[in-house]
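Each remark here refers to the structure printed beneath this line.
Computed from the coordinates by the stated procedures, all read-outs in this text should not be read as laboratory data. The shown structure was predicted, so the numbers you read here are calculated from the model rather than taken from an experiment. Here the Cβ positions follow ideal geometry from the backbone for every residue, glycine too, while neighbour counts run over all protein chains shown.
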Amino acid sequence: MTDNSALWDRLGRTDPKHTSKFKRAGGFAGTAIRPIYSIKRMTDEFGPCGAGWGVNEPSFQVIPAGDETLVYCTVSIWHGDRANVVFGVGGDKAVTKRRDGSSFTDDEAFKKAFTDAITNAMKLIGVGADVHMGLFDDSKYVASVRENPYVNQPSDIVPAPEYDEHGEIIDNIPHAAPTKKLRVADQRPLFDAIQKEAQAFATSKAFLTWMGAETTIARVAEFKPDWQQIFRGVCKEHLAALREQERGDDVRMAG
């Protein structure tokens, strides 16, 4: 796994419990991923929809095709940052001609095309890659994934970022597997030092930069998970205090 494919590798492993087999006219068969599972995988990785990732306004195109009517949807999704955008196109039949010559109108065709477009966009960053690459045709591969569907998934260790009401990251220090087996007696002075350092910041911008620095994350990773959680709480409280102070300063300056 390289840095370029890290996201792909994390999102590309699909739990077989959330797939189903299908067959289409003409003998084509394959594996389908339940759309809600793909949405959950995005949420696992980036956080809640609308905060860590989201769907932009779709566009629809209705095309008459003889006795049938086709509907196509084009939509873009963003992930991590609103500037990180990928597109997808989906389609369905709004009007279908039955074998007896009558017509059937599907009132969910637009919704199906929209869902299809979203999941096709997700493919571009790796969601469900193993299914789309044909790996689910290998029974041994499916068995291995069924046994451990989330191997190498960071969401098992690192929770999704937390966001405030403005969609801003509350803190960006992830949980991590401890890099050292420190005794409590050894952790305490290190914890006290980094906590004092954190609380010394006077601006949220500088504090967030320090929190996201590799050196800070490496220092936090030396603590046990419960100590990491305590430190996240300390950071969250201090960041909230800084933002409250800055909002007050903005109001005084405006007045």
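Which ordering of C235, C49 is given by a fewest-first count of other beta-carbon atoms within 10 Å?
Going from least to most buried by this count: C49, C235.
Could you point to the residue in H132, F28, G47 farthest towards the positive end of region 6-155's charge dipole, with +1 and -1 charges on the Cβ of Lys/Arg and Asp/Glu respectively?
F28
Could you tell me which of the pairs K112/K140; K97/K123; K40/K123; K40/K224; K40/K112 are separated by over 24 angstrom between their Cα atoms in the structure shown?
Violating the 24 Å Cα-Cα cut-off are K112/K140; K97/K123; K40/K224.
Starting at the first residue of region 191-208, write each ³J(HN,Hα) from the Karplus equation 6.51 cos²θ - 1.76 cosθ + 1.60 with θ = phi - 60°, in whole Hz, x for Gly and Pro.
Coupling constants for region 191-208: 5, 4, 5, 6, 5, 5, 5, 4, 6, 7, 6, 10, 10, 5, 4, 5, 5, 5 Hz.
Hey, can you grab everything whose amide H is under 5 Å from the amide H of E222? Only 5+ residues off in sequence or another chain; H modelled, so Pro and N-termini drop out.
The list, which skips near neighbours in sequence, is T179.
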